[in-house]
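Q: Supplied in structure tokens, the structure appears directly below.
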Number of protein chains: 2
Amino acid sequence: MQTAPRWSPLPAPERSVALEVLIHGPISRSDIARRLNLSAGSLSRLSAGLLQSGVLVETGELSEGRAGRPSRPLDVVPGSRHFLGMKLTGEELLGVVTDLRANVLDSSSVVLPSRDPESVVETVARLAERLSRSVASITALGVGLGGRVDRRSVVLSAPFLEWTDVRFGEMLERRTGLRTVVENDVDAFTEYEHWFGSGRGLDRFAVLTLGVGIGYGAVLHDRLLSNRDSGLGLVGHWPLDPYGPLCPQGHRGCARSVLASPAIAQAIGTALGRPIDFDEACRLAEAGDPIARRVMDDAGRGLGRLIAAVGNLTLPDRIVLGGEGVRLASIARAAVEEGIAIDRDPRATRLDIVATSGDNIEWCRGAAVIAIQDFVLDSTAGRL
Amino acid sequence: MQTAPRWSPLPAPERSVALEVLIHGPISRSDIARRLNLSAGSLSRLSAGLLQSGVLVETGELSEGRAGRPSRPLDVVPGSRHFLGMKLTGEELLGVVTDLRANVLDSSSVVLPSRDPESVVETVARLAERLSRSVASITALGVGLGGRVDRRSVVLSAPFLEWTDVRFGEMLERRTGLRTVVENDVDAFTEYEHWFGSGRGLDRFAVLTLGVGIGYGAVLHDRLLSNRDSGLGLVGHWPLDPYGPLCPQGHRGCARSVLASPAIAQAIGTALGRPIDFDEACRLAEAGDPIARRVMDDAGRGLGRLIAAVGNLTLPDRIVLGGEGVRLASIARAAVEEGIAIDRDPRATRLDIVATSGDNIEWCRGAAVIAIQDFVLDSTAGRL
DNA sequence: GCAATTACTTCTGCTCTAGAACTAATGCGA
DNA sequence: TCGCATTAGTTCTAGAGCAGAAGTAATTGC
């Protein structure tokens, strides 16, 4: 299979056109010109070069029924490049192969035999080899994990893995021979939503993820909000319920103690007198079990308050909910609305809230997007 | 006095150089080139044009002691243009005359005879005439008020004035003949900090103002965070103390009921059995009065929690505290730190918190900056 | 079948750029 | 005291990239 050339050495105007097509394509030349504030003439010149070099192609025509000559939309060839995206937890490693638009072509997972960095590198490398077999070649590997990551390479801290200052990116590049980028899992997921998910085309949006922990990410003015604290899980301690349960750090009713999936399951299990998991908790609540409903509604109200807090402080055009525990939002929909109403002025614009599937694969797609960004953007720029 | 020409028709490269000098000047050509990623040659050409047209001037030399030819810093002539900045409350109108860098040259105030828009326009116009006498000419007028403002002109809602949908900007332009811009007071103050205050040169910072109400503003990725909800005072209802006093809307321990200067004064006054104002409350607390100390410390803790919330969700490089009630931060410094510690992970980077003077004039400087921005920026661009 | 409309191309001239080669003004060490 | 390194700024040139004009292409609607 013929592979398109790297985008990095492209001149800035060409690259911004290619990026526009990658994120918003298939799209006609005139639409791109309008979006980028360029003349039709400039777009003709720029797209000719990109078609020549194989970065873009013309797709089948699209008349759209309105008057005038039909446009001839441009598109990238999603299958021209492949990327690996992996999500690393303290117990297992999930991985996917994606195309240039982070569409999943294949996926696999493996239990971590050890948390030792050397061992994890080996596990990642083996999964990478297995996943690589389904495609001709891999352009880059992205890994997401819960923790703080510096310059998309060095893991500063990762509590679930018990790591501090691990040069994980370099270790992986040496072992696999692949260009490798590492990023905090929530930031990676946020970039996925930014480029290919529900945040596409929005100037400002926020992400909240529910699961074992509570994650927060945001894109503000078209740029990921991130610093060295990203990955600490700063909203995990967010106070939501002054009468709520205690968390291990001694916070009463913090986001983690109220919203985390294990906390919800445990609260219901304790009341029922038998241990249950989050899946069963959801089933019980949906079946109308009064204890499960009560706990879910309390959690939903807490989620609503957290949503209101994010809405009030970052003024997002949309809030995207993700993570394995996202079912809470649909099960306790009314309670979430109630929670929002508590902390949000009724005169404020209604918050646009969108829930993703909550699939574990989404974390991997996020990691793949980080690898895709590394491929298409000038690494020195670091923007967008 | 000779006035420099408007900046708006300047070509984009010239204008960005002029803007760099306005905000960071006096500054040498080579420093500007480094900041804007331009070559020394380009800067020579651009600055020659700006010097020719009188927008910039060369200041006295500045050798700085290090080797090499000393630089010849460029600067704007602050006194070449003058602006009016006014702050409108429900009771009075405060106004200042400033130069191009929002330095205050003269100030004045007047009690509002009525809240009727026509009457307020008249009051503004008269104060404008009075303030104008001290300078040769006024380039633009900026007005800040507590409320929602659309496109820096139309007041959508202003509770203190009991206004809805008042075309205030147009009315003022007609009456005064001056180019006039209107903005929410907190957003205006935030822009002041952004261009000429403690937020200068920072990519991300947040502002909290304390006074009759609680205000929040932020600059994220070098752009003001603002939408149609700005001006509703969304953080006013922020829950800070589950055992705190009730606010008129029935929120227990919300930011307004805990932090607002009148609320603090009232809490102390009630306990003392005699009405006091915020000033006396501060004096009592500083003198060690146990009741005043207790109330101030509770408020300080609440402020700390609000600061932590902002720090956790917007990841600012700095948080600027302003408003007439800012003395709370110094009086209850320890309690503020305590409050931050409650809601912020100790592993997170320490928040850089800066307090302004709390002078009422600061609101006017904010309004003046909005007028200055209108003058130097292309109004169609709307950016930065 | 003709006009209106929208999409795209080609060409021209202009603006802005980097980079090289240059001058200018300083500190510092031999 | 005299280079010499260093930093600041200027001038010139070639080229990149742009808008806008003029022209072509392909459709709808009347």
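The values are calculated or read from the model by the stated rules, or taken from the named source; none is laboratory data. As the structure is a computational prediction, the values presented were derived from the model and not from experiment. All Cβ positions, even for glycine, are placed from backbone atoms using ideal geometry, and neighbour counts span all protein chains on display.
Q: With the checklist (1) within 14 Å of chain B (Cβ to nearest Cβ); (2) at pLDDT 95 or above in hand, flag the one item residue A:346 doesn't pass.
A: Unmet condition: (2).
Q: Also, quick follow-up: What's the total number of residues in the stretch B:26-44 that are over 30 Å from the mean Cα position of the chain (by Cα), surrounded by fewer than 18 Cβ atoms within 10 Å (Cβ to Cβ) and either within 14 Å of chain A (Cβ to nearest Cβ) or near DNA strand D (Cβ under 7 Å from one of its atoms) (or both)?
A: Of the residues in the stretch B:26-44, 4 are over 30 Å from the mean Cα position of the chain (by Cα), surrounded by fewer than 18 Cβ atoms within 10 Å (Cβ to Cβ) and either within 14 Å of chain A (Cβ to nearest Cβ) or near DNA strand D (Cβ under 7 Å from one of its atoms) (or both).
Q: Sticking with this one: Residues in the stretch A:339-353 that are aliphatic (A, V, I, L, M) and more than 18 Å from residue A:329 (Cα to Cα): how many? Step through it out loud before you land on a result.
A: So in the stretch A:339-353, the residues aliphatic (A, V, I, L, M) come out as A:340-342, A:348, A:351, A:353.
Adding the requirement that they be more than 18 Å from residue A:329 (Cα to Cα) leaves A:348.
Residues meeting the conditions: 1.
Q: When you look at residue A:199, is it in a loop (DSSP other than H, G, I, E, B) and either of a type outside the set (Lys, Arg) or buried (at least 24 other Cβ atoms within 10 Å of the Cβ) (or both), yes or no? Break it down stepwise before answering.
A: Values: in a loop (DSSP other than H, G, I, E, B): yes; either of a type outside the set (Lys, Arg) or buried (at least 24 other Cβ atoms within 10 Å of the Cβ) (or both): yes.
Judged against the criteria, residue A:199 is a match.
Q: Additional query: Here are some residues: A:175, A:133. Which one is free of Cβ contacts under 8 Å to residues at least 12 places away in the same chain and not assigned by TED's automatic domain parsing to the domain that holds residue A:260? Steps first, please.
A: On the way: A:175 fails: free of Cβ contacts under 8 Å to residues at least 12 places away in the same chain.
Among A:175, A:133, only A:133 is free of Cβ contacts under 8 Å to residues at least 12 places away in the same chain and not assigned by TED's automatic domain parsing to the domain that holds residue A:260.
Q: If I filter the stretch A:216-227 for residues that are out of contact with any helix residue (DSSP H, G or I) (no Cβ under 8 Å at 6 or more places or on another chain), free of Cβ contacts under 8 Å to residues at least 40 places away in the same chain and more than 13 Å from chain B (Cβ to nearest Cβ), do I get at least one hit?
A: No; the residues of the stretch A:216-227 include none that is out of contact with any helix residue (DSSP H, G or I) (no Cβ under 8 Å at 6 or more places or on another chain), free of Cβ contacts under 8 Å to residues at least 40 places away in the same chain and more than 13 Å from chain B (Cβ to nearest Cβ).
Q: Now for a separate question. For residue B:231, only one of the following conditions fails: (1) in contact with a strand residue (DSSP E or B) (Cβ under 8 Å, 6 or more places away or on another chain); (2) not in a loop (DSSP other than H, G, I, E, B). What is its number?
A: Every listed condition holds for residue B:231 apart from (2).
Q: Of everything in the stretch A:32-44, what is of a type in the set (S, T, N, Q) and more than 8 Å from DNA strand C (Cβ to nearest atom)? Give them in sequence order. Even if it seems obvious, please write down each step before you answer.
A: Restricting attention to the stretch A:32-44, the residues satisfying the condition of being of a type in the set (S, T, N, Q) are A:37, A:39, A:42, A:44.
The answer is A:37, and nothing else.
Q: Return only the number of the condition from (1) modelled with pLDDT of 95 or more; (2) surrounded by fewer than 17 Cβ atoms within 10 Å (Cβ to Cβ); (3) at positive phi that residue B:288 does not satisfy.
A: Residue B:288 satisfies every listed condition except (1).
Q: Quick check on the stretch A:88-97: of everything there that is touching a residue at least 60 places away in the same chain (Cβ under 8 Å) and crowded, with 16+ Cβ neighbours inside 10 Å, which residue is farthest from DNA strand C (Cβ to nearest atom)?
A: Filtering the stretch A:88-97 for residues that are touching a residue at least 60 places away in the same chain (Cβ under 8 Å) and crowded, with 16+ Cβ neighbours inside 10 Å, the one farthest from DNA strand C (Cβ to nearest atom) comes out as A:89.
Q: Would you point out which residue out of B:332, B:368 is surrounded by 23 or more Cβ atoms within 10 Å (Cβ to Cβ), touching a residue at least 60 places away in the same chain (Cβ under 8 Å) and touching a Gly at 6+ places or on another chain (Cβ under 7 Å)?
A: Only one candidate qualifies: B:368.
Q: OK, next. Please state which of the following conditions residue B:235 fails to meet, knowing it meets all the rest: (1) more than 8 Å from chain A (Cβ to nearest Cβ); (2) buried (at least 21 other Cβ atoms within 10 Å of the Cβ).
A: The one condition residue B:235 does not meet is (1).
Q: Still on this model: Only one of (1) under 30 Å from residue A:217 (Cβ atoms); (2) part of a helix (DSSP H, G or I) fails for residue B:257. Which number is that?
A: (1)
Q: Mind counting the residues in the stretch A:333-342 that are under 20 Å from residue A:210 (Cα atoms) and within 14 Å of chain B (Cβ to nearest Cβ)? Step through it out loud before you land on a result.
A: Pass one, the stretch A:333-342, residues under 20 Å from residue A:210 (Cα atoms): A:333-340.
Those left that are additionally within 14 Å of chain B (Cβ to nearest Cβ): A:339-340.
Final tally of qualifying residues: 2.
Q: Collect the residues in the stretch B:196-215 that are more than 9 Å from chain A (Cβ to nearest Cβ) and in contact with a Ser or Thr (Cβ under 6 Å, 6 or more places away or on another chain), keeping them in residue-number order. If you could, list the steps in order and put the result at the bottom.
A: First pass over the stretch B:196-215, keeping only residues more than 9 Å from chain A (Cβ to nearest Cβ): B:196-203, B:205, B:207-215.
Scanning the stretch B:196-215 gives B:207, B:211, B:215.
Q: Hey, another quick one. Restrict the check to the stretch B:50-64 and report whether at least one residue is more than 27 Å from residue B:106 (Cα to Cα), within 14 Å of chain A (Cβ to nearest Cβ) and either more than 9 Å from DNA strand D (Cβ to nearest atom) or not in a strand (DSSP E or B) (or both).
A: The answer is no; no qualifying residue exists.
Q: Going through A:18, A:12, A:4 one at a time, which residue ends up being aliphatic (A, V, I, L, M), at pLDDT below 90 and more than 13 Å from DNA strand C (Cβ to nearest atom)? Talk me through it step by step, then tell me what you get.
A: Working: A:18 fails: at pLDDT below 90; A:12 fails: more than 13 Å from DNA strand C (Cβ to nearest atom).
On inspection, the qualifying residue turns out to be A:4.
Q: Would you confirm whether any residue within the stretch A:151-167 is of a type in the set (A, V, I, L, M, F, W, C) and assigned to a loop (DSSP other than H, G, I, E, B)? Reasoning before the result, please.
A: Of the stretch A:151-167, the ones of a type in the set (A, V, I, L, M, F, W, C) are A:154-156, A:158, A:160-161, A:163, A:166.
Next cut, assigned to a loop (DSSP other than H, G, I, E, B) only: A:160-161.
Checked against the condition, which is being of a type in the set (A, V, I, L, M, F, W, C) and assigned to a loop (DSSP other than H, G, I, E, B), the stretch A:151-167 yields at least one hit.
Q: Please verify whether residue B:270 is polar (S, T, N, Q), outside any loop (DSSP other than H, G, I, E, B), at pLDDT 90 or above and touching a helix residue (DSSP H, G or I) at 6+ places or on another chain (Cβ under 7 Å), treating the condition exactly as stated.
A: Values: polar (S, T, N, Q): yes; outside any loop (DSSP other than H, G, I, E, B): yes; at pLDDT 90 or above: yes; touching a helix residue (DSSP H, G or I) at 6+ places or on another chain (Cβ under 7 Å): no.
No: the conditions fail for residue B:270.
Q: Tell me which residues, restricted to the stretch B:292-313, are surrounded by fewer than 24 Cβ atoms within 10 Å (Cβ to Cβ) and away from chain A (no Cβ under 13 Å).
A: Matches in the stretch B:292-313: B:293, B:294, B:297, B:298.
Q: Tell me, yes or no, whether the stretch B:278-287 has at least one residue that is within 14 Å of chain A (Cβ to nearest Cβ), free of Cβ contacts under 8 Å to residues at least 12 places away in the same chain and under 29 Å from residue B:188 (Cα atoms).
A: Taking the stretch B:278-287 first, the residues within 14 Å of chain A (Cβ to nearest Cβ) are none.
Checking the stretch B:278-287: not a single residue is within 14 Å of chain A (Cβ to nearest Cβ), free of Cβ contacts under 8 Å to residues at least 12 places away in the same chain and under 29 Å from residue B:188 (Cα atoms).
Q: Still on this structure, please answer the following. Checking residue B:336 against (1) part of a helix (DSSP H, G or I); (2) more than 23 Å from residue B:237 (Cα to Cα): exactly one of these is not met. Which one?
A: Result: residue B:336 fails condition (2) only.
Q: In a helix (DSSP H, G or I), under 31 Å from the mean Cα position of the chain (by Cα) and within 13 Å of DNA strand D (Cβ to nearest atom): does that describe residue A:23?
A: Details: in a helix (DSSP H, G or I): yes; under 31 Å from the mean Cα position of the chain (by Cα): yes; within 13 Å of DNA strand D (Cβ to nearest atom): no.
No; evaluated as a whole, the condition is false for this residue.
Residues are listed down the side, and each one gets a yes or a no for (1) touching a residue at least 60 places away in the same chain (Cβ under 8 Å); (2) buried (at least 20 other Cβ atoms within 10 Å of the Cβ); (3) basic (Lys, Arg):
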site	(1), (2), (3)
A:14	no, no, no
A:18	yes, yes, no
A:24	yes, no, no
A:69	no, no, yes
A:83	yes, yes, no
A:86	yes, yes, no
A:99	no, no, no
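Q: I've got another one for you. Only one of these conditions is not met by residue A:47: (1) polar (S, T, N, Q); (2) within 14 Å of chain B (Cβ to nearest Cβ); (3) within 9 Å of DNA strand C (Cβ to nearest atom). Which number is it?
A: Unmet for residue A:47, out of (1) polar (S, T, N, Q); (2) within 14 Å of chain B (Cβ to nearest Cβ); (3) within 9 Å of DNA strand C (Cβ to nearest atom): (2).
Q: Is it the case that residue B:326 is under 21 Å from residue B:206 (Cβ atoms), among the hydrophobic types (A, V, I, L, M, F, W, C) and not in a helix (DSSP H, G or I)?
A: Working: under 21 Å from residue B:206 (Cβ atoms): yes; among the hydrophobic types (A, V, I, L, M, F, W, C): yes; not in a helix (DSSP H, G or I): no.
Criteria not met by residue B:326.
Q: Taking the residues in the stretch B:238-250 that are at the interface with chain A (Cβ under 8 Å from one of its Cβ atoms) and touching a helix residue (DSSP H, G or I) at 6+ places or on another chain (Cβ under 7 Å) as candidates, determine which candidate is nearest to residue B:163 (Cα to Cα).
A: B:238
Q: Determine, yes or no, whether residue A:356 is of a type in the set (S, T, N, Q), within 17 Å of residue A:189 (Cβ to Cβ), in contact with a helix residue (DSSP H, G or I) (Cβ under 7 Å, 6 or more places away or on another chain) and more than 12 Å from chain B (Cβ to nearest Cβ). Quick ask: steps written out before the conclusion?
A: Details: of a type in the set (S, T, N, Q): yes; within 17 Å of residue A:189 (Cβ to Cβ): yes; in contact with a helix residue (DSSP H, G or I) (Cβ under 7 Å, 6 or more places away or on another chain): yes; more than 12 Å from chain B (Cβ to nearest Cβ): yes.
It is true that residue A:356 is of a type in the set (S, T, N, Q), within 17 Å of residue A:189 (Cβ to Cβ), in contact with a helix residue (DSSP H, G or I) (Cβ under 7 Å, 6 or more places away or on another chain) and more than 12 Å from chain B (Cβ to nearest Cβ).
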